[in-house]
Amino acid sequence: YKDGRAYPWPGEVSSFILYPESANQTIYSKSVVESDSGNYSCLVRNDTHALWRTINFTVM
């Protein structure tokens, strides 16, 4: 998620690309722009639990 919007994001939300890699997720971008700044969240869940973490990413 970026600022509450689920991936995949349209180009105006973020230029990042999400790559699944053997049970991990990698966010990639050839270059970042100021509009990539925001709160990025990851939701992991199974039948009994859910875990949500958010980071603030700032492009200066």
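The values are calculated or read from the model by the stated rules, or taken from the named source; none is laboratory data. Everything numeric here is computed off the predicted structure, so don't read it as measured data. As a convention, Cβ positions derive from the backbone with ideal geometry for all residues, glycine included, and neighbour counts pool all protein chains shown.
Among the residues of segment 15-57, those identified as more than 9 Å from the chain's Cα centre (by Cα) and at pLDDT below 75 are 15, 19, 20, 21, 22, 23, 24, 25.
In segment 36-50, the residues that are touching a residue at least 40 places away in the same chain (Cβ under 8 Å) form Cβ pairs under 9 Å with partners that are loosely packed, with under 10 Cβ neighbours inside 10 Å and among the charged types (D, E, K, R), at six or more places apart or across chains, as follows: 41/53; 42/53; 43/53.
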